[in-house]
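The values are calculated or read from the model by the stated rules, or taken from the named source; none is laboratory data. These figures come from a predicted structure and were not determined experimentally. Using ideal geometry, Cβ is built from the backbone for each residue, glycine included, and neighbour counts are taken over all protein chains shown.
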Amino acid sequence: MHLALMQLQSQIDPEQAKHIAMMFLAILPVIILVGYIIVIVPFWFICKKAGFSPWLSLINVIPLGGIILIYVLAFAEWKVAPVLPPQMGYPYPPAPPRV
């Protein structure tokens, strides 16, 4: 509402402009925190499922950290359970003893 009224005026009131700027400065940290949460939480689960420390997802806080983390996840050896090759088949339980 205030922005629409400011645009209708021919000259901006400096006091009102200062109040609007202070409002944006008060809301900006909340917006940044929500953005970090939106990025860090999925990387937390990806790192945990890949076998890495979930704390590695906090590298997204530094500039270009997301790109670094993507390269780490893409080219590192993931510590997950190995998959059996198709020719070996699945292991069966031992046969019961015959009497």
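Laid out as a table, the results:
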{"read-out": "Conditions (1) within 35 Å of the chain's Cα centre (by Cα); (2) modelled with pLDDT under 80; (3) surrounded by 10 or more Cβ atoms within 10 Å (Cβ to Cβ): number failed by Ile12", "value": "(1)"}
{"read-out": "Test result for Trp55, modelled with pLDDT of 90 or more and not charged (D, E, K, R)", "value": "yes"}
{"read-out": "Residues being within 21 Å of Leu33 (Cβ to Cβ), exposed (fewer than 12 other Cβ atoms within 10 Å of the Cβ) and among the β-branched types (Val, Ile, Thr) - total across segment 44-71", "value": "2"}
{"read-out": "Tabulated pairs, segment 47-58, first within 15 Å of Ile70 (Cβ to Cβ) and in contact (Cβ under 8 Å) with a residue 24 or more places away in the chain, second assigned to a helix (DSSP H, G or I) and among the hydrophobic types (A, V, I, L, M, F, W, C), C-beta under 6 angstrom, 6+ apart or interchain", "value": "Cys47/Leu56"}
